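Below is one structure, written out as structure tokens, with a few remarks after it.
The values are calculated or read from the model by the stated rules, or taken from the named source; none is laboratory data. Everything numeric here is computed off the predicted structure, so don't read it as measured data. Cβ placement follows ideal geometry from the backbone for every residue including glycine, while neighbour counts extend to all protein chains displayed.
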Amino acid sequence: MPTFRKLLSGGRSSRPAPIFQLVPGQPLTTGYFLLQVEPAIRHGIAELLESNPRHALTELALIAYLMGMGFDYPTAQVIVEAWEKDDILLAQGILTE
């Protein structure tokens, strides 16, 4: 109970606050997230050199979103590349060639 009272009184403990973990033993830090999306970032930079900025950023955002949903980078990239060939998405201007 002293710990609960300490929290209520605003006192700080000497231990740092725990970091939320989805995978046991793997802390979810900024560095961890950056390492996870690094392939998508590199892909987006390469796309910037080959296409217009709107297309590159849209593709990067879609890949990163799919990775956040649990897909690994290669799978997310294949899905987005398949969407690029969808005539309906191209006609609506959602994705550009």
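Quick notes
- Cross-chain or 6+ apart pairs with Cβ under 6 Å, region 75-97 first and at pLDDT below 70, then among the acidic types (D, E) and surrounded by 13 or more Cβ atoms within 10 Å (Cβ to Cβ): L95/E84
- In region 10-37, the residue that is modelled with the highest pLDDT out of those that are in a helix (DSSP H, G or I) and out of contact with any helix residue (DSSP H, G or I) (no Cβ under 9 Å at 6 or more places or on another chain) is L35.
- Restricting attention to region 40-61, the residues that are of a type in the set (A, V, I, L, M) and not in a helix (DSSP H, G or I) total 0.
- Pick from region 32-70, criterion within 14 Å of V80 (Cβ to Cβ) and among the charged types (D, E, K, R), ranking: farthest from the chain's Cα centre (by Cα): E47
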